[in-house]
Amino acid sequence: MQALLQQGQTAEALLRVERALAHQPTDHRLRFLKGVILAEQGKSSEAIALFSQLVQERPELPEPYNNLGVVLAQSGQLDKARAAFEMAVRLKPDYATAHENLGDVHAKLAAQSYGRAADLSPGQPGVTAKLEATRKLASGRLSAPPPSGARR
């Protein structure tokens, strides 16, 4: 299944995960992988729902929080994404990917604030410079664990 996902064959990977889940409906690793596939397919609402379920059922695992945060951020829900990343790093303080994602969300939030400041007070050179800098930082892509669901 992971190989199919890595090859971009998300439909086939999803089909196989769903078949496996029919026999093991509570397997959190399979459900996590399904969430990754849904996110890859751009099915944000479904991925958010699945990762939200996983964090409720397995609140001790940081990876579902990280992936939930990624999908929330991609959906523009930055405050919720920040909370998910904060929980991931609280659960696993050495979780570098979640720390990076948290920083990316902070940069996106900062860019929004500097953008609003620039709109309210045009021509402020300090604000303009900060806005440009944070937009560059915020343009990065958030990171999720590899398709295998392995911990990073």
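Which whole-number percentage describes the relative contact order of the chain, with Cα contacts under 8 Å and a sequence gap of 6 or more?
Relative contact order, the chain: 20 percent.
What the Cα convex hull of the stretch 1-144 gives, in volume per residue, is 113 Å³.
If you run the Gaussian network model on the chain, springs between alpha carbon atoms under 10 Å, then out of Ser45, Ser121, Ser139 the most flexible one is Ser121. Using only Cα atoms, tell me the angle between helix 96-120 and the longest principal axis of the chain; keep it within 0 to 90° and round to the nearest 10. Tilt of helix 96-120: around 40 degrees.
Total Lys pairs in the chain closer than 17 Å by alpha-carbon, pairs eight or more apart in sequence or interchain only?
Lysine pair count for the chain: 4.
Relative to the Cα centre, the charge distribution of the stretch 85-135, modelled as +1 at Lys and Arg Cβ and -1 at Asp and Glu Cβ, gives a dipole magnitude of about 100 debye. Per-residue ellipticity at 222 nm, computed for the chain from helices alone with -39500 (n - 2.57) per DSSP H run of at least four residues, works out to -24000 deg cm²/dmol.
Here each label is just a point 7 Å from Cα along the line to Cβ, and for Ala49 and Ala3 those points are 3.2 nm apart. What is the calculated FRET efficiency for Ser139 to Glu86, with r their C-beta to C-beta distance and R₀ = 25 Å, to the nearest 0.05? In this case the efficiency is close to 0.70.
How large is the convex hull of the C-alpha atoms of the stretch 44-107 per residue, in Å³? Present the calculation step by step, with values, prior to reporting the outcome.
Numbers: hull volume 3.9 nm³, N = 64.
Hull volume over Cα atoms, normalised by residue count, gives 61 Å³.
Computed over the chain with a Gaussian network model linking Cα atoms closer than 10 Å, the most mobile of Leu120, Leu102, Leu78 is Leu120.
Excluding Gln53 itself, calculate the net charge of residues whose Cβ lies under 12 Å from the Cβ of Gln53, where each Lys or Arg counts +1 and each Asp or Glu counts -1. Its environment carries a net charge of +1. Compared with the dominant principal axis of the Cα atoms in the chain, helix 78-91 is inclined by about 60°.
Relative to the dominant Cα principal axis of the chain, helix 62-74 is inclined by about 50°.
A short reminder: the numbers here are calculations on the coordinates, not readings from a lab. On a predicted model such as this, the values are computed, not experimentally measured, just so you know. Cβ sites come from the backbone with ideal geometry, for glycine too, and all protein chains shown count toward neighbours.
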